[in-house]
Amino acid sequence: MTGTANEQARKTAEGLVYATGFGNEHSSEAVPGALPVGRNAPQRAPLGLYAEQLSGSAFTEPRATNHRSWLYRIRPSAAHPPFVRAEPRAVRSAPFTECVPDPNRLRWNPLPAPEGPTDFLDGLWTLGGNGDATQRSGMAVHLYHANSAMDRRVFSDADGELLIVPERGGLLLRTELGLLRAVPGEVALIPRGVRFRVELLDATARGYVCENYGQPFRLPDLGPIGANGLANARDFRAPVAAYEDVEGPVEVVNKFCGNLWTATYDHSPLDVVAWHGDHVPYVYDLRCFNVIGSISYDHPDPSIFTVLTSPSDTPGLAGVDFVVFAPRWLVGEDTFRPPYFHRNVMTEYMGLIEGAYDAKAEGFVPGGGSLHNMMSAHGPDRETFDRASAAELVPQKIDDGLAFMFETRWPLTLTAQARDAGHLQRGYDDVWQGLQRHFRP
Ligand SMILES: O=C(O)Cc1cc(O)ccc1O
Ligand SMILES: [Fe+2]
(Lines give C-alpha, C1' and ligand atoms only; values in the text may rest on other atoms or scores of the structure.)
(Ligands and ions follow the chains in the order given, each with its own letter.)
Protein backbone atom coordinates (compact mmCIF):
# COMPACT_ATOMS: atom_id res chain seq x y z
CA MET A 1 0.00 0.00 0.00
CA THR A 2 2.67 2.47 1.08
CA GLY A 3 4.79 1.64 -1.97
CA THR A 4 1.86 2.43 -4.26
CA ALA A 5 1.09 5.64 -2.38
CA ASN A 6 4.73 6.72 -2.66
CA GLU A 7 4.75 5.90 -6.37
CA GLN A 8 1.62 7.99 -6.82
CA ALA A 9 3.15 10.88 -4.83
CA ARG A 10 6.33 10.68 -6.93
CA LYS A 11 4.33 10.94 -10.16
CA THR A 12 2.37 13.91 -8.83
CA ALA A 13 5.54 15.65 -7.63
CA GLU A 14 7.26 15.27 -11.00
CA GLY A 15 4.70 17.35 -12.86
CA LEU A 16 4.44 20.24 -10.43
CA VAL A 17 4.22 23.80 -11.66
CA TYR A 18 5.26 26.77 -9.51
CA ALA A 19 5.02 30.54 -9.29
CA THR A 20 8.35 32.18 -8.56
CA GLY A 21 9.67 34.92 -6.32
CA PHE A 22 9.97 35.63 -2.59
CA GLY A 23 7.26 37.72 -0.93
CA ASN A 24 5.33 38.27 -4.13
CA GLU A 25 1.61 38.80 -4.40
CA HIS A 26 0.73 35.64 -6.33
CA SER A 27 -2.61 34.60 -7.73
CA SER A 28 -3.73 31.24 -9.02
CA GLU A 29 -6.87 29.38 -9.99
CA ALA A 30 -7.22 25.62 -10.48
CA VAL A 31 -10.48 26.14 -12.38
CA PRO A 32 -10.75 29.02 -14.87
CA GLY A 33 -12.94 31.79 -13.52
CA ALA A 34 -12.64 30.74 -9.86
CA LEU A 35 -10.73 33.88 -8.85
CA PRO A 36 -12.92 36.98 -8.47
CA VAL A 37 -11.89 39.93 -10.61
CA GLY A 38 -11.55 43.42 -9.16
CA ARG A 39 -12.63 42.63 -5.59
CA ASN A 40 -11.83 40.13 -2.84
CA ALA A 41 -15.31 39.46 -1.51
CA PRO A 42 -17.98 39.74 -4.19
CA GLN A 43 -21.58 39.29 -3.11
CA ARG A 44 -21.41 35.79 -4.53
CA ALA A 45 -17.95 34.37 -5.17
CA PRO A 46 -17.46 32.67 -8.56
CA LEU A 47 -18.46 29.03 -9.10
CA GLY A 48 -20.31 28.89 -5.77
CA LEU A 49 -17.08 29.12 -3.78
CA TYR A 50 -16.70 30.73 -0.35
CA ALA A 51 -14.29 33.67 0.04
CA GLU A 52 -12.06 33.66 3.13
CA GLN A 53 -9.10 35.75 4.23
CA LEU A 54 -6.16 34.09 5.99
CA SER A 55 -4.10 36.70 7.86
CA GLY A 56 -0.47 36.05 8.71
CA SER A 57 -0.01 39.51 10.24
CA ALA A 58 -2.23 41.98 12.03
CA PHE A 59 -4.47 43.88 9.60
CA THR A 60 -2.68 47.08 10.59
CA GLU A 61 0.98 46.10 10.23
CA PRO A 62 3.12 48.19 7.87
CA ARG A 63 2.90 47.16 4.25
CA ALA A 64 6.38 45.60 4.24
CA THR A 65 5.41 43.11 6.93
CA ASN A 66 1.73 42.70 6.11
CA HIS A 67 0.92 39.21 4.81
CA ARG A 68 -2.44 37.72 3.96
CA SER A 69 -4.03 35.52 1.35
CA TRP A 70 -7.57 35.33 0.03
CA LEU A 71 -8.80 31.77 -0.42
CA TYR A 72 -11.78 30.68 -2.56
CA ARG A 73 -12.88 27.34 -1.24
CA ILE A 74 -15.58 24.70 -1.50
CA ARG A 75 -16.54 25.09 2.16
CA PRO A 76 -15.57 27.90 4.54
CA SER A 77 -13.02 26.90 7.18
CA ALA A 78 -15.56 27.94 9.82
CA ALA A 79 -17.69 24.86 9.09
CA HIS A 80 -16.06 22.43 11.48
CA PRO A 81 -16.86 20.56 14.70
CA PRO A 82 -15.18 21.41 18.04
CA PHE A 83 -11.52 20.57 18.58
CA VAL A 84 -10.61 18.32 21.50
CA ARG A 85 -7.17 17.82 23.06
CA ALA A 86 -5.06 15.24 21.25
CA GLU A 87 -2.14 13.11 22.37
CA PRO A 88 0.96 15.32 22.27
CA ARG A 89 3.00 12.45 20.80
CA ALA A 90 6.65 13.60 20.93
CA VAL A 91 5.76 17.23 20.17
CA ARG A 92 6.66 19.80 22.84
CA SER A 93 6.35 23.55 22.80
CA ALA A 94 7.58 26.79 24.29
CA PRO A 95 7.89 27.74 27.06
CA PHE A 96 10.22 24.76 27.59
CA THR A 97 10.18 23.96 31.29
CA GLU A 98 11.02 20.24 31.52
CA CYS A 99 14.78 20.84 31.88
CA VAL A 100 17.07 23.56 33.18
CA PRO A 101 19.02 25.31 30.41
CA ASP A 102 22.30 23.44 29.96
CA PRO A 103 25.60 25.23 29.16
CA ASN A 104 27.24 22.04 27.85
CA ARG A 105 28.10 21.35 24.24
CA LEU A 106 25.77 18.60 23.10
CA ARG A 107 25.55 16.40 20.02
CA TRP A 108 23.06 13.81 18.86
CA ASN A 109 23.09 10.96 16.35
CA PRO A 110 20.11 10.76 13.98
CA LEU A 111 16.67 10.11 15.38
CA PRO A 112 16.14 6.33 15.54
CA ALA A 113 13.82 4.78 12.94
CA PRO A 114 10.23 4.54 14.13
CA GLU A 115 8.71 1.20 15.01
CA GLY A 116 5.61 0.53 12.92
CA PRO A 117 3.82 2.84 10.50
CA THR A 118 4.59 6.46 11.35
CA ASP A 119 3.55 9.54 9.40
CA PHE A 120 5.18 13.00 9.51
CA LEU A 121 3.10 14.15 12.47
CA ASP A 122 3.53 10.95 14.46
CA GLY A 123 7.24 11.09 13.67
CA LEU A 124 7.74 14.69 14.82
CA TRP A 125 10.08 14.85 17.85
CA THR A 126 10.93 18.04 19.67
CA LEU A 127 14.54 18.67 20.73
CA GLY A 128 13.97 21.98 22.50
CA GLY A 129 13.52 25.66 21.96
CA ASN A 130 12.99 29.04 23.54
CA GLY A 131 10.48 31.86 23.89
CA ASP A 132 6.79 31.41 24.33
CA ALA A 133 4.33 30.23 21.70
CA THR A 134 1.53 32.29 23.25
CA GLN A 135 3.71 35.44 22.99
CA ARG A 136 4.65 34.72 19.36
CA SER A 137 8.34 34.81 20.20
CA GLY A 138 11.16 32.28 20.04
CA MET A 139 11.53 29.03 18.20
CA ALA A 140 11.62 25.27 18.54
CA VAL A 141 13.83 22.65 16.94
CA HIS A 142 12.08 19.45 15.90
CA LEU A 143 13.27 16.40 14.00
CA TYR A 144 11.10 13.96 12.08
CA HIS A 145 11.44 10.39 10.92
CA ALA A 146 8.46 9.02 8.98
CA ASN A 147 7.76 5.93 6.94
CA SER A 148 4.22 6.53 5.73
CA ALA A 149 2.06 9.24 4.24
CA MET A 150 -0.41 11.17 6.35
CA ASP A 151 -3.66 9.45 5.47
CA ARG A 152 -6.95 11.35 5.75
CA ARG A 153 -5.13 13.66 8.15
CA VAL A 154 -3.96 17.25 7.84
CA PHE A 155 -1.94 19.40 10.20
CA SER A 156 -1.75 23.11 10.85
CA ASP A 157 0.31 25.13 13.26
CA ALA A 158 -1.26 28.24 14.77
CA ASP A 159 1.87 28.75 16.89
CA GLY A 160 4.28 29.51 14.08
CA GLU A 161 5.62 28.84 10.65
CA LEU A 162 7.44 25.59 9.92
CA LEU A 163 10.72 25.55 8.04
CA ILE A 164 11.19 21.94 6.95
CA VAL A 165 14.71 20.77 6.10
CA PRO A 166 14.62 17.27 4.55
CA GLU A 167 17.76 15.24 5.10
CA ARG A 168 16.67 11.87 3.78
CA GLY A 169 13.72 11.12 1.49
CA GLY A 170 11.59 13.54 -0.50
CA LEU A 171 8.29 15.04 0.61
CA LEU A 172 5.16 15.95 -1.27
CA LEU A 173 3.47 18.72 0.69
CA ARG A 174 -0.20 19.10 -0.13
CA THR A 175 -1.12 22.50 1.27
CA GLU A 176 -4.27 24.60 1.15
CA LEU A 177 -2.56 26.75 -1.49
CA GLY A 178 -1.27 23.87 -3.61
CA LEU A 179 1.46 21.27 -3.88
CA LEU A 180 5.17 21.51 -3.17
CA ARG A 181 7.93 18.98 -3.59
CA ALA A 182 10.84 19.16 -1.17
CA VAL A 183 13.79 16.80 -1.43
CA PRO A 184 17.06 16.80 0.53
CA GLY A 185 19.00 19.93 -0.41
CA GLU A 186 15.78 21.92 -0.59
CA VAL A 187 13.82 23.53 2.23
CA ALA A 188 10.08 24.14 2.47
CA LEU A 189 8.19 26.69 4.48
CA ILE A 190 4.60 26.29 5.68
CA PRO A 191 3.24 29.63 6.95
CA ARG A 192 1.46 29.93 10.26
CA GLY A 193 -2.01 28.41 10.14
CA VAL A 194 -1.81 26.91 6.64
CA ARG A 195 -3.12 23.35 6.63
CA PHE A 196 -1.08 20.67 4.93
CA ARG A 197 -0.56 16.96 4.51
CA VAL A 198 2.81 15.29 4.06
CA GLU A 199 3.19 12.41 1.64
CA LEU A 200 6.45 10.56 1.02
CA LEU A 201 8.36 10.19 -2.23
CA ASP A 202 10.61 7.49 -0.77
CA ALA A 203 10.23 4.67 1.74
CA THR A 204 11.34 6.83 4.65
CA ALA A 205 11.74 10.53 5.28
CA ARG A 206 13.96 12.16 7.83
CA GLY A 207 14.83 15.75 8.53
CA TYR A 208 14.69 18.83 10.70
CA VAL A 209 12.03 21.46 11.38
CA CYS A 210 12.46 24.97 12.72
CA GLU A 211 9.18 26.12 14.21
CA ASN A 212 9.36 29.89 14.25
CA TYR A 213 6.96 31.50 16.70
CA GLY A 214 8.24 34.99 15.89
CA GLN A 215 8.08 37.25 12.87
CA PRO A 216 7.90 35.39 9.57
CA PHE A 217 11.19 34.54 7.91
CA ARG A 218 12.27 37.09 5.35
CA LEU A 219 15.33 37.59 3.18
CA PRO A 220 18.13 39.41 5.02
CA ASP A 221 19.06 42.94 3.97
CA LEU A 222 22.18 42.89 1.82
CA GLY A 223 23.86 46.15 2.87
CA PRO A 224 27.15 46.66 1.06
CA ILE A 225 26.78 43.30 -0.71
CA GLY A 226 24.47 45.15 -3.06
CA ALA A 227 21.26 44.33 -4.85
CA ASN A 228 21.99 40.65 -5.51
CA GLY A 229 23.39 37.68 -3.70
CA LEU A 230 22.87 35.15 -0.92
CA ALA A 231 19.39 33.68 -1.51
CA ASN A 232 18.02 35.44 -4.58
CA ALA A 233 14.29 36.19 -4.43
CA ARG A 234 13.60 34.72 -7.87
CA ASP A 235 14.68 31.24 -6.78
CA PHE A 236 11.85 30.80 -4.28
CA ARG A 237 8.90 28.79 -5.58
CA ALA A 238 5.29 29.05 -4.43
CA PRO A 239 2.58 26.54 -5.37
CA VAL A 240 -0.26 27.05 -7.80
CA ALA A 241 -3.81 26.33 -6.68
CA ALA A 242 -4.69 22.63 -6.46
CA TYR A 243 -7.69 21.42 -4.51
CA GLU A 244 -9.10 18.12 -3.39
CA ASP A 245 -12.83 17.59 -3.36
CA VAL A 246 -12.99 14.84 -0.77
CA GLU A 247 -16.05 14.02 1.32
CA GLY A 248 -15.87 11.79 4.38
CA PRO A 249 -13.87 11.88 7.60
CA VAL A 250 -10.58 13.78 7.61
CA GLU A 251 -8.73 14.39 10.87
CA VAL A 252 -7.49 17.96 11.26
CA VAL A 253 -4.75 18.35 13.88
CA ASN A 254 -4.13 21.88 15.05
CA LYS A 255 -1.17 22.92 17.15
CA PHE A 256 -2.42 25.77 19.29
CA CYS A 257 -0.54 27.45 22.17
CA GLY A 258 1.66 24.43 22.61
CA ASN A 259 -0.93 21.67 22.54
CA LEU A 260 -2.25 19.47 19.77
CA TRP A 261 -5.99 19.59 19.19
CA THR A 262 -7.98 17.37 16.87
CA ALA A 263 -11.30 17.48 15.06
CA THR A 264 -12.79 15.16 12.50
CA TYR A 265 -14.18 17.11 9.57
CA ASP A 266 -16.64 15.58 7.10
CA HIS A 267 -14.54 16.83 4.17
CA SER A 268 -10.96 17.70 3.31
CA PRO A 269 -10.04 21.29 4.18
CA LEU A 270 -7.52 21.25 1.32
CA ASP A 271 -10.42 22.45 -0.85
CA VAL A 272 -9.12 25.84 -2.03
CA VAL A 273 -9.87 26.19 -5.74
CA ALA A 274 -8.29 29.61 -6.22
CA TRP A 275 -6.32 32.08 -4.14
CA HIS A 276 -4.28 35.24 -4.24
CA GLY A 277 -1.96 36.80 -1.72
CA ASP A 278 1.45 36.68 -0.13
CA HIS A 279 0.88 34.45 2.91
CA VAL A 280 2.10 31.46 0.95
CA PRO A 281 4.13 28.29 1.36
CA TYR A 282 7.35 28.03 -0.61
CA VAL A 283 10.35 25.86 -1.42
CA TYR A 284 13.94 26.90 -1.97
CA ASP A 285 16.79 24.86 -3.35
CA LEU A 286 19.86 25.50 -1.18
CA ARG A 287 22.07 24.79 -4.20
CA CYS A 288 20.84 28.13 -5.60
CA PHE A 289 22.45 29.98 -2.68
CA ASN A 290 24.99 32.51 -3.87
CA VAL A 291 27.79 31.98 -1.37
CA ILE A 292 29.80 35.09 -0.55
CA GLY A 293 33.07 34.96 1.35
CA SER A 294 36.50 36.42 1.76
CA ILE A 295 38.88 36.74 -1.18
CA SER A 296 41.73 38.12 0.93
CA TYR A 297 42.16 36.81 4.48
CA ASP A 298 40.09 35.51 7.44
CA HIS A 299 36.59 34.34 6.82
CA PRO A 300 33.50 36.38 7.56
CA ASP A 301 31.20 35.45 10.42
CA PRO A 302 28.61 32.89 9.34
CA SER A 303 25.88 35.55 9.18
CA ILE A 304 27.20 35.97 5.62
CA PHE A 305 25.53 32.58 4.92
CA THR A 306 22.05 33.65 6.11
CA VAL A 307 19.29 32.32 3.86
CA LEU A 308 16.34 33.60 5.88
CA THR A 309 16.02 35.70 9.00
CA SER A 310 13.25 36.24 11.51
CA PRO A 311 13.97 39.59 13.14
CA SER A 312 13.09 40.24 16.77
CA ASP A 313 12.13 43.55 18.33
CA THR A 314 15.81 44.52 18.61
CA PRO A 315 17.48 45.54 15.34
CA GLY A 316 20.20 43.09 14.32
CA LEU A 317 19.19 40.46 16.90
CA ALA A 318 17.35 37.72 15.06
CA GLY A 319 14.76 35.61 16.82
CA VAL A 320 16.16 32.97 14.51
CA ASP A 321 18.37 32.91 11.43
CA PHE A 322 18.51 30.02 9.01
CA VAL A 323 22.09 29.73 7.77
CA VAL A 324 23.56 27.33 5.20
CA PHE A 325 27.15 26.13 4.79
CA ALA A 326 27.04 25.39 1.08
CA PRO A 327 29.84 24.31 -1.27
CA ARG A 328 32.32 27.15 -1.79
CA TRP A 329 35.92 28.04 -2.51
CA LEU A 330 38.34 28.90 0.28
CA VAL A 331 41.19 31.13 -0.82
CA GLY A 332 42.12 33.06 2.35
CA GLU A 333 45.85 33.77 2.63
CA ASP A 334 47.60 33.26 5.96
CA THR A 335 44.23 32.22 7.34
CA PHE A 336 42.95 29.46 9.57
CA ARG A 337 40.22 28.46 7.17
CA PRO A 338 37.72 26.29 9.12
CA PRO A 339 35.38 27.95 11.62
CA TYR A 340 37.46 29.63 14.31
CA PHE A 341 37.20 28.94 18.04
CA HIS A 342 34.48 31.12 19.44
CA ARG A 343 31.93 31.86 22.13
CA ASN A 344 28.72 33.41 20.92
CA VAL A 345 25.94 35.26 22.70
CA MET A 346 23.63 33.65 20.13
CA THR A 347 22.70 29.97 20.40
CA GLU A 348 23.61 27.64 17.55
CA TYR A 349 21.80 24.45 16.63
CA MET A 350 23.46 22.79 13.64
CA GLY A 351 22.34 19.93 11.41
CA LEU A 352 23.89 18.14 8.46
CA ILE A 353 22.00 17.37 5.26
CA GLU A 354 24.78 15.48 3.54
CA GLY A 355 28.50 14.75 3.64
CA ALA A 356 30.72 16.36 6.26
CA TYR A 357 31.24 19.76 7.88
CA ASP A 358 34.59 21.51 7.78
CA ALA A 359 34.86 22.10 11.55
CA LYS A 360 34.40 18.48 12.54
CA ALA A 361 36.43 15.49 11.40
CA GLU A 362 34.07 12.90 12.88
CA GLY A 363 30.87 12.43 14.83
CA PHE A 364 28.76 15.18 13.25
CA VAL A 365 26.74 13.02 10.89
CA PRO A 366 23.89 13.55 8.42
CA GLY A 367 20.63 13.53 10.34
CA GLY A 368 22.43 14.27 13.61
CA GLY A 369 22.73 17.66 15.25
CA SER A 370 24.77 19.73 17.65
CA LEU A 371 23.80 22.37 20.14
CA HIS A 372 26.22 25.08 21.19
CA ASN A 373 24.17 27.11 23.61
CA MET A 374 24.72 30.79 24.46
CA MET A 375 28.42 31.47 25.25
CA SER A 376 29.50 27.84 25.11
CA ALA A 377 33.05 27.53 23.82
CA HIS A 378 33.33 25.61 20.55
CA GLY A 379 35.03 25.45 17.19
CA PRO A 380 37.15 22.98 15.27
CA ASP A 381 37.83 19.64 16.87
CA ARG A 382 41.44 18.66 17.59
CA GLU A 383 41.95 16.77 14.37
CA THR A 384 40.57 19.63 12.26
CA PHE A 385 42.68 22.19 14.14
CA ASP A 386 45.86 20.21 13.60
CA ARG A 387 45.13 19.62 9.94
CA ALA A 388 44.09 23.19 9.13
CA SER A 389 47.04 24.72 11.00
CA ALA A 390 49.46 22.76 8.83
CA ALA A 391 47.56 22.83 5.52
CA GLU A 392 49.13 24.28 2.40
CA LEU A 393 46.95 27.30 1.59
CA VAL A 394 46.18 26.67 -2.05
CA PRO A 395 42.68 27.54 -3.32
CA GLN A 396 40.44 24.78 -2.06
CA LYS A 397 36.89 23.86 -3.02
CA ILE A 398 34.76 22.60 -0.15
CA ASP A 399 32.06 20.60 -1.86
CA ASP A 400 31.64 17.49 0.22
CA GLY A 401 28.79 18.57 2.45
CA LEU A 402 25.75 20.66 3.17
CA ALA A 403 25.31 21.81 6.77
CA PHE A 404 22.94 24.37 8.23
CA MET A 405 22.37 26.28 11.43
CA PHE A 406 19.34 27.60 13.27
CA GLU A 407 20.88 30.50 15.18
CA THR A 408 18.74 32.16 17.82
CA ARG A 409 19.12 35.11 20.15
CA TRP A 410 17.81 33.20 23.18
CA PRO A 411 19.33 30.16 24.88
CA LEU A 412 17.72 26.90 23.94
CA THR A 413 16.23 24.64 26.61
CA LEU A 414 15.99 20.92 25.89
CA THR A 415 13.00 18.67 26.21
CA ALA A 416 13.40 15.76 28.64
CA GLN A 417 13.34 13.33 25.70
CA ALA A 418 16.32 15.13 24.07
CA ARG A 419 18.28 15.22 27.35
CA ASP A 420 17.65 11.53 28.04
CA ALA A 421 17.82 10.29 24.44
CA GLY A 422 19.77 7.14 23.69
CA HIS A 423 21.05 8.89 20.58
CA LEU A 424 22.60 11.75 22.58
CA GLN A 425 26.35 11.29 22.18
CA ARG A 426 28.18 10.81 25.45
CA GLY A 427 31.57 12.46 25.69
CA TYR A 428 31.18 15.09 22.96
CA ASP A 429 33.58 17.28 25.00
CA ASP A 430 36.37 14.85 24.12
CA VAL A 431 36.61 16.20 20.56
CA TRP A 432 38.41 19.20 22.07
CA GLN A 433 40.66 17.12 24.30
CA GLY A 434 44.33 16.89 23.44
CA LEU A 435 44.56 20.36 21.93
CA GLN A 436 48.23 20.80 22.86
CA ARG A 437 49.78 23.91 24.28
CA HIS A 438 52.12 25.41 21.70
CA PHE A 439 52.96 28.58 23.61
CA ARG A 440 56.61 29.51 23.26
CA PRO A 441 57.23 32.80 25.07
O1 LIG B 1 30.02 26.80 15.11
C2 LIG B 1 29.99 26.66 13.89
O3 LIG B 1 30.57 25.75 13.31
C4 LIG B 1 29.30 27.72 13.03
C5 LIG B 1 30.22 28.83 12.79
C6 LIG B 1 31.00 28.86 11.67
C7 LIG B 1 31.92 29.86 11.48
O8 LIG B 1 32.68 29.85 10.38
C9 LIG B 1 32.06 30.86 12.43
C10 LIG B 1 31.26 30.85 13.56
C11 LIG B 1 30.34 29.83 13.74
O12 LIG B 1 29.52 29.82 14.80
FE1 LIG C 1 29.52 28.34 16.26
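The values are calculated or read from the model by the stated rules, or taken from the named source; none is laboratory data. Fair warning: this is a prediction, and the values are worked out from it, not measured in the lab. Ideal geometry is used to build each Cβ from the backbone, glycine not excepted, and the neighbour counts take in all protein chains shown. Just the protein is used for accessible areas: all its heavy atoms, side chains included, with ligands, DNA and RNA removed. Shrake-Rupley method; radii C 1.70, N 1.55, O 1.52, S 1.80 Å.
If the condition is being of a type in the set (A, V, I, L, M) and either at pLDDT below 95 or within 16 Å of ligand 1 (Cβ to nearest atom) (or both), then segment 296-314 contributes Ile304, Val307. Each residue in segment 208-233 was checked for being open to solvent by 50 Å² or more (accessible area, probe 1.4 Å), over 16 Å from the mean Cα position of the chain (by Cα) and touching a residue at least 40 places away in the same chain (Cβ under 8 Å), and 2 of them qualify.
Only residues that are among the small types (Gly, Ala, Ser) and within 12 Å of Gly277 (Cα to Cα) were counted across segment 20-44, and they come to 3. Taken over segment 161-205, the criterion of being on the phi > 0 side of the Ramachandran plot and either among the acidic types (Asp, Glu) or not in a strand (DSSP E or B) (or both) is satisfied by Gly169, Gly185, Gly193. Would you confirm whether or not segment 98-112 contains a residue that is in a loop (DSSP other than H, G, I, E, B), among the β-branched types (Val, Ile, Thr) and either out of contact with any strand residue (DSSP E or B) (no Cβ under 9 Å at 6 or more places or on another chain) or open to solvent by 50 Å² or more (accessible area, probe 1.4 Å) (or both)? Among the residues of segment 98-112, at least one is in a loop (DSSP other than H, G, I, E, B), among the β-branched types (Val, Ile, Thr) and either out of contact with any strand residue (DSSP E or B) (no Cβ under 9 Å at 6 or more places or on another chain) or open to solvent by 50 Å² or more (accessible area, probe 1.4 Å) (or both), which makes the answer yes.
Residues that are out of contact with any Lys or Arg (no Cβ under 9 Å at 6 or more places or on another chain) and either under 18 Å from Thr347 (Cα atoms) or not assigned by TED's automatic domain parsing to the domain that holds Ala94 (or both) within segment 139-154 comprise Met139, Val141, listed in sequence order. Being outside the structural domain of Ser376 (by TED's automatic domain parsing), at pLDDT 95 or above and crowded, with 16+ Cβ neighbours inside 10 Å is a description that applies to Ala45.
Restricting attention to segment 255-263, does a residue exist that is closer than 22 Å to Leu173 by Cβ and in contact with a Leu (Cβ under 7 Å, 6 or more places away or on another chain)? Taking every residue of segment 255-263 in turn, none turns out to be closer than 22 Å to Leu173 by Cβ and in contact with a Leu (Cβ under 7 Å, 6 or more places away or on another chain). Of all the residues in segment 1-32, those that are open to solvent by 40 Å² or more (accessible area, probe 1.4 Å), among the small types (Gly, Ala, Ser) and modelled with pLDDT of 95 or more number 3.
Strands (runs of 3 or more DSSP E) fully within segment 290-407 that include at least 1 residues being crowded, with 21+ Cβ neighbours inside 10 Å and away from ligand 2 (no atom under 15 Å from the Cβ): 306-311, 318-325, 347-355. Among the conditions (1) within 30 Å of Met374 (Cα to Cα); (2) open to solvent by less than 30 Å² (accessible area, probe 1.4 Å); (3) not charged (D, E, K, R), the only one that Phe236 does not satisfy is (1).
When you go through Ser55, Ser77, Ser93 one by one, which is the residue that is in the same structural domain as Arg168 (by TED's automatic domain parsing), touching a His at 6+ places or on another chain (Cβ under 9 Å), open to solvent by 10 Å² or more (accessible area, probe 1.4 Å) and of a type in the set (S, T, N, Q)?
Values: Ser77 fails: touching a His at 6+ places or on another chain (Cβ under 9 Å); Ser93 fails: touching a His at 6+ places or on another chain (Cβ under 9 Å).
Only one candidate qualifies: Ser55.
Taking segment 346-367 as the range and being more than 14 Å from ligand 1 (Cβ to nearest atom) and farther than 18 Å from Thr306 by Cβ as the test, the residues that pass are Glu354, Gly355, Glu362, Val365, Pro366, Gly367.
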